[in-house]
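Read the structure below first, then the notes.
The values are calculated or read from the model by the stated rules, or taken from the named source; none is laboratory data. On a predicted model such as this, the values are computed, not experimentally measured, just so you know. Quick reminder, even Gly has a Cβ in these numbers, built from the backbone with ideal geometry, and neighbours come from all protein chains shown.
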Amino acid sequence: MSFRQHNKDLDVVWRKRSRPMLIAAGLPDYLVDDERRWNYVLLHGDDELESGWSPHAISRQQAEDMLSLLEAHYENEAGLDLFPALRKRISAGD
């Protein structure tokens, strides 16, 4: 039987290190800290069904900051709807 330790998962380590910056960029702590919810937001671009959070709730600057963090970490954004959702928020202006 095999298992994966969360402290060795590179994505979990990155999220823990980037937590203050992700929160400053407008992502609520409960989305950063919960792996299931983080993955949902990353894949679907929002958490409107559960918490009501979406990129429309943050400022343009926060969206730019969050997008920069994500682009620096994720090599391939295919299938990750948070990227285009943030770009749409940025292009909408304040």
Inset, instruction - Enumerate the pairs (first residue in segment 32-61 and on the phi > 0 side of the Ramachandran plot; second residue anywhere and in a loop (DSSP other than H, G, I, E, B) and modelled with pLDDT of 95 or more) with beta-carbon separation below 6 Å, excluding pairs fewer than 6 apart on the same chain, so at least 6 apart or on different chains. - result: Gly45/Asp81
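Scan segment 22-53 for residues that are over 15 Å from Asp11 (Cβ atoms), hydrophobic (A, V, I, L, M, F, W, C) and not in a helix (DSSP H, G or I) and jot them down.
Ala25, Leu49, Trp53
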Inset, instruction - Identify all residues within segment 54-74 that are within 16 Å of Arg15 (Cβ to Cβ) and either more than 14 Å from the chain's Cα centre (by Cα) or not in a helix (DSSP H, G or I) (or both); write none if there are none. - result: Tyr74
Inset, instruction - Please tell me if Leu49 is under 12 Å from the mean Cα position of the chain (by Cα) and not β-branched (Val, Ile, Thr). - result: no
Inset, instruction - Return yes or no: is Ala25 touching a residue at least 40 places away in the same chain (Cβ under 8 Å) and of a type in the set (Gly, Ala, Ser)? - result: yes
Inset, instruction - Write out, first by first residue and then by second, each pair whose Cβ atoms fall under 6 Å of each other, whose residues are 6+ apart or on separate chains, and whose first residue, in segment 73-84, is surrounded by 10 or more Cβ atoms within 10 Å (Cβ to Cβ) while the second is part of a loop (DSSP other than H, G, I, E, B). - result: Asp81/Gly45; Leu82/Gly45; Phe83/Glu77
